[in-house]
Amino acid sequence: MAASMNVDVQISDEDWLVSRARTCMKSDPFAAKSWMITARTLFPKNFTIQFEAYNLEKIGKNVKEAAKLLEEMFVSFPSEVRLWSEIQTILEVIQCDTTETRNVFLTEIFAAISSHTQCQMLLNVAEKINDTLDQCRMLLLAMRKFSNLVNEHGLKLLETLHRAEREAKFSTPVNCYRKLFVCDVLPLVLQKCKTVELATKQYYKWLNMAIEFYVIYITQSPNQSTASIGIPQSSDLLSPTKKIKKVYIARLNDKESLVQDPWGNLLKLLHHVGSRIGWDEEGDLFTQSRDLQWQQVISLYNRSKQPGAGSHNKQILYTTVVLFLECSSASNSIPLVMIEGFKHEQSPEQYQPKVKKAKTDSTPQIIASNCVTDSQKITQSFLMAFKCYELLNSTPDLQREFLGLCESWKMETWSWMGHYQTDMLMYQGAFQDAVEHLQNFSSTTPGSMQIRNSIQMACCYFCLGKLAKACEMVLNVIKDLPDGQPKSEADIEPVAEGTGRHLVLTKCTDSQILPYSIELLLSCFKERALSSKQDDDALGHMIVLLQYDWPKQGSVFLEATKKIQTQGSFTYNLFFNYVVNIDILEEFAFLKTPDGGKVNLDILPCSTKLIAHIIKKFLTLILKNIKKE
């Protein structure tokens with residue numbers, strides 16, 4: 001046919017038919033289709049003609065016809081490179097799940113192919129991929145679409161991902177291989193792979209990997225590059241209670257890096273592992289309130305100690321550890337701080353530090369400031385974490401296994417856990433231990449959390465009776481507070497107060513930290529200012545601070561004026577530099593009157609004694625000059 005044409009360049013009959021179809025496609029699609037039917041009939045085993053027919057159906061947006069041709073080529077031409085390139089493109093589009101018109105059309109073509117052929121395409125493409133991560137992605141896609149493949153490929157895929165992670169030597173568990181292992185493949189294996197029996201220790205190994213991944217993933221910065229090899233990472237606590245969390249993970253796209261309800265996923269995983277191992281479970285523990293959760297944990301713990309009940313140590317260990325980690329990480333995106341509160345029955349300055357007792361046995365109340373969102377939930381989570389921690393250290397066996405998990409996860413590198421441990425020590429009243437703990441990791445604390453550490457350390461020093469150190473730390477806190485416009489009275493929240501020993505939970509911001517710092521300074525100064533010894537500097541410093549939030553501290557000011565009257569004198573040359581409150585100025589004016597006790601006040605910027613000395617020298621000089629004359 002083509003040989004009868006007078007052309008300069010000789011082409012094969014197959015190519016001539018293809019060119020005729022292409023030429024007609026622009027003006028007459030039906031004629032083009034007729035040419036391709038003719039070509040396919042004459043040359044049924046020619047891949048170029050079959051592939052061109054497929055392309056023409058794609059151009060014509062004919063989903064069923066294109067799918068049929070693609071499936072026929074997959075069976076008849078399994079070794080053609082262009083065919084596999086086309087199939088791989090379609091499967092990559094399915095993985096990306098985009099909404100572009102071309103990609104949607106390719107997805108529809110794949111959906112129109114028979115299920116058996118779809119499965120074979122996925123498996124065959126996976127075999128041809130050299131990159132381990134891409135190969136794992138393809139196998140995962142196959143197992144999600146065809147659950148019967150999980151039994152055959154699930155365990156192998158887990159081993160492949162684990163081996164790839166070890167060989168890559170990542171510095172963090174939040175990496176592309178661990179993410180696919182924990183969040184995508186492992187849940188499928190636990191739910192679908194029912195016929196394979198595994199050793200119990202294998203399940204615990206998987207569980208350890210999952211807990212480590214989820215905790216680091218949840219508690220780190222969303223924009224932190226977590227998969228950088230050789231770069232140390234810090235796990236700063238940022239909104240861990242959110243239901244949706246996305247962290248950048250190298251080599252994964254945005255959809256793959258996104259984890260819906262990470263805590264919920266971990267708790268479900270724990271439940272599935274428990275079901276496979278045969279744990280003694282009472283319903284879904286993790287959907288209950290904190291009180292009911294604790295009751296069930298204690299019930300399990302008590303049953304494990306009964307004769308013939310068997311050991312439940314592993315179940316108690318992992319259940320309690322997950323609850324502990326979930327509760328201890330609960331916080332807001334703005335750092336919170338837990339500090340010792342002031343008693344309500346007396347003014348804050350009258351709060352007496354426990355000088356002789358480094359640790360108190362009383363269980364304090366936790367009072368949250370109004371600025372703390374979800375304060376009840378956060379407080380309940382803190383208390384639940386504290387009880388879990390005590391249970392994990394209640395027996396030598398539990399403590400040994402808990403410490404082993406902490407060591408394997410490198411928990412000492414989790415900065416948020418260091419902050420929780422500080423809060424826990426303060427809750428226990430172990431102020432000296434809290435100081436030592438803060439000193440150990442303060443050098444590695446990021447700047448945004450340094451104020452938190454300093455105010456807690458000042459608080460501990462105060463409770464230990466080390467007032468000078470407490471003042472030093474408070475002054476450092478005030479110095480480090482961000483500069484800005486003075487806050488209005490509406491922006492400044494009073495420090496929460498209680499009737500007994502209590503802790504205050506508040507935001508670590510200047511509008512909350514500054515009032516507390518001033519009250520703590522007042523408490524320290526009062527110890528010296530109103531003691532039996534005369535210390536006018538401490539008394540003067542205290543009077544200056546009393547102006548803050550006036551007249552809240554009015555009763556303390558009256559104590560100060562009574563002491564000044566008793567002394568009969570008062571020297572503080574900074575008085576007019578810093579005292580501006582009209583009530584205080586009027587009271588000092590009254591102290592000079594007979595009714596006020598005619599107190600000798602030396603409060604001018606230049607001491608009256610110094611002025612008298614200068615005048616005396618001046619008069620002496622004048623007298624000498626007069627005598628000479």
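Below are the figures for this structure:
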{"quantity": "Condition check for Asp535: at pLDDT below 95 and either crowded, with 17+ Cβ neighbours inside 10 Å or more than 47 Å from the chain's Cα centre (by Cα) (or both)", "calculated": "yes"}
{"quantity": "Selection count where residues are farther than 19 Å from Met143 by Cβ, hydroxyl-bearing (Ser, Thr, Tyr) and either modelled with pLDDT under 95 or open to solvent by 70 Å² or more (accessible area, probe 1.4 Å) (or both), scope segment 195-215", "calculated": "1"}
{"quantity": "Qualifying residue in segment 484-500 (condition: closer than 30 Å to Thr363 by Cβ, modelled with pLDDT of 90 or more and under 44 Å from the mean Cα position of the chain (by Cα))", "calculated": "no"}
{"quantity": "Residue match in segment 396-414 (condition: more than 25 Å from Pro173 (Cβ to Cβ), touching a strand residue (DSSP E or B) at 6+ places or on another chain (Cβ under 6 Å) and assigned to a helix (DSSP H, G or I))", "calculated": "no"}
{"quantity": "Output for segment 278-322, where each listed residue is at pLDDT 90 or above and within 21 Å of Lys205 (Cβ to Cβ)", "calculated": "Lys314, Gln315, Ile316, Leu317, Tyr318, Thr319, Thr320, Val321, Val322"}
{"quantity": "Of residues in segment 578-607 being in contact with a strand residue (DSSP E or B) (Cβ under 9 Å, 6 or more places away or on another chain) and open to solvent by less than 50 Å² (accessible area, probe 1.4 Å), the one modelled with the lowest pLDDT", "calculated": "Ser607"}
{"quantity": "Residue ID - modelled with the lowest pLDDT, chosen from residues in segment 331-348 that are among the small types (Gly, Ala, Ser) and open to solvent by 10 Å² or more (accessible area, probe 1.4 Å)", "calculated": "Ser347"}
{"quantity": "Residue that is farthest from Gly597 (Cα to Cα), among those in segment 560-576 that are in a helix (DSSP H, G or I) and open to solvent by less than 70 Å² (accessible area, probe 1.4 Å)", "calculated": "Phe575"}
{"quantity": "Residues satisfying the stated conditions in segment 40-71, i.e. touching a residue at least 40 places away in the same chain (Cβ under 8 Å) and either of a type in the set (A, V, I, L, M) or touching an Asp or Glu at 6+ places or on another chain (Cβ under 8 Å) (or both)", "calculated": "Val63, Ala66, Ala67, Leu70"}
{"quantity": "Within segment 512-532, considering residues that are closer than 24 Å to Cys371 by Cα and without any contact (Cβ under 8 Å) to a residue 60 or more places away in the chain, the one surrounded by the fewest Cβ atoms within 10 Å (Cβ to Cβ)", "calculated": "Leu514"}
{"quantity": "Candidate set: segment 174-194, residues that are crowded, with 16+ Cβ neighbours inside 10 Å and more than 17 Å from Asn265 (Cα to Cα); chosen: the one farthest from the chain's Cα centre (by Cα)", "calculated": "Cys193"}
{"quantity": "Positions within segment 380-392 being surrounded by fewer than 20 Cβ atoms within 10 Å (Cβ to Cβ) and either under 24 Å from Phe342 (Cα atoms) or free of Cβ contacts under 8 Å to residues at least 12 places away in the same chain (or both), in sequence order", "calculated": "Gln380, Leu383, Phe386, Glu390"}
{"quantity": "Residue list for segment 244-261, filter: in contact (Cβ under 8 Å) with a residue 24 or more places away in the chain, assigned to a loop (DSSP other than H, G, I, E, B) and open to solvent by less than 100 Å² (accessible area, probe 1.4 Å)", "calculated": "Val247, Ile249, Ala250, Leu252, Asn253"}
{"quantity": "Out of Lys145, Lys169, sole residue that is over 22 Å from Lys255 (Cβ atoms) and not β-branched (Val, Ile, Thr)", "calculated": "Lys169"}
{"quantity": "Thr445 surrounded by 18 or more Cβ atoms within 10 Å (Cβ to Cβ) and out of contact with any Asp or Glu (no Cβ under 9 Å at 6 or more places or on another chain)", "calculated": "yes"}
{"quantity": "Members of segment 545-568 that are within 16 Å of Leu521 (Cα to Cα) and polar (S, T, N, Q)", "calculated": "Gln547, Gln553"}
{"quantity": "Extreme residue, nearest to Ser257 (Cα to Cα), among residues of segment 137-152 that are in contact (Cβ under 8 Å) with a residue 24 or more places away in the chain and open to solvent by 30 Å² or more (accessible area, probe 1.4 Å)", "calculated": "Arg137"}
{"quantity": "Helices (runs of 4 or more DSSP H) contained in segment 1-112 and holding at least 3 residues in contact with a Cys (Cβ under 7 Å, 6 or more places away or on another chain) and at negative phi", "calculated": "29-42"}
{"quantity": "Residues of segment 35-47 that turn out to be under 14 Å from Glu80 (Cα atoms) and surrounded by 17 or more Cβ atoms within 10 Å (Cβ to Cβ), as a count", "calculated": "1"}
{"quantity": "Scope segment 116-133; condition assigned to a helix (DSSP H, G or I), without any contact (Cβ under 8 Å) to a residue 40 or more places away in the chain and open to solvent by 60 Å² or more (accessible area, probe 1.4 Å); matching residues", "calculated": "His116, Glu127"}
{"quantity": "Filter pass, Lys552 being assigned to a helix (DSSP H, G or I), open to solvent by 10 Å² or more (accessible area, probe 1.4 Å) and not aliphatic (A, V, I, L, M)", "calculated": "no"}
{"quantity": "Filtered residues of segment 153-170 (kept if in contact (Cβ under 8 Å) with a residue 12 or more places away in the chain and within 30 Å of the chain's Cα centre (by Cα))", "calculated": "Leu157, Leu158, Thr160, Leu161, His162, Ala164, Glu165, Ala168, Lys169, Phe170"}
{"quantity": "In segment 4-34, residue modelled with the lowest pLDDT [restricted to those that are under 60 Å from the mean Cα position of the chain (by Cα) and open to solvent by less than 90 Å² (accessible area, probe 1.4 Å)]", "calculated": "Met25"}
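Residue by residue, here is whether (1) open to solvent by less than 40 Å² (accessible area, probe 1.4 Å); (2) closer than 25 Å to Ala199 by Cα; (3) basic (Lys, Arg) holds:
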{"position": "Asn265", "(1), (2), (3)": "no, yes, no"}
{"position": "Lys268", "(1), (2), (3)": "no, yes, yes"}
{"position": "His271", "(1), (2), (3)": "no, yes, no"}
{"position": "Ile277", "(1), (2), (3)": "no, yes, no"}
{"position": "Glu281", "(1), (2), (3)": "no, yes, no"}
{"position": "Asp284", "(1), (2), (3)": "no, yes, no"}
{"position": "Gln293", "(1), (2), (3)": "yes, no, no"}
{"position": "Val297", "(1), (2), (3)": "yes, no, no"}
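The rows are residues; the columns are (1) surrounded by 17 or more Cβ atoms within 10 Å (Cβ to Cβ); (2) modelled with pLDDT under 95; (3) within 30 Å of Arg251 (Cα to Cα).
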| site | (1), (2), (3) |
| --- | --- |
| Gln50 | yes, yes, no |
| Thr98 | no, yes, yes |
| Phe105 | no, yes, yes |
| Ser114 | no, no, no |
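Yes/no per residue for (1) part of a helix (DSSP H, G or I); (2) aliphatic (A, V, I, L, M); (3) closer than 22 Å to Gly404 by Cα:
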| position | (1), (2), (3) |
| --- | --- |
| Leu140 | yes, yes, no |
| Leu149 | yes, yes, no |
| Ala164 | yes, yes, no |
| Ser171 | no, no, yes |
| Lys194 | no, no, no |
| Glu197 | no, no, no |
| Leu207 | yes, yes, yes |
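The values are calculated or read from the model by the stated rules, or taken from the named source; none is laboratory data. Given the structure is predicted, the values throughout are model-derived calculations rather than measurements. Cβ: placed from backbone, ideal geometry, glycine included. Neighbour counts: every protein chain shown. For accessibility, only protein heavy atoms count, side chains too; no ligands or nucleic acids. Shrake-Rupley method; radii C 1.70, N 1.55, O 1.52, S 1.80 Å.
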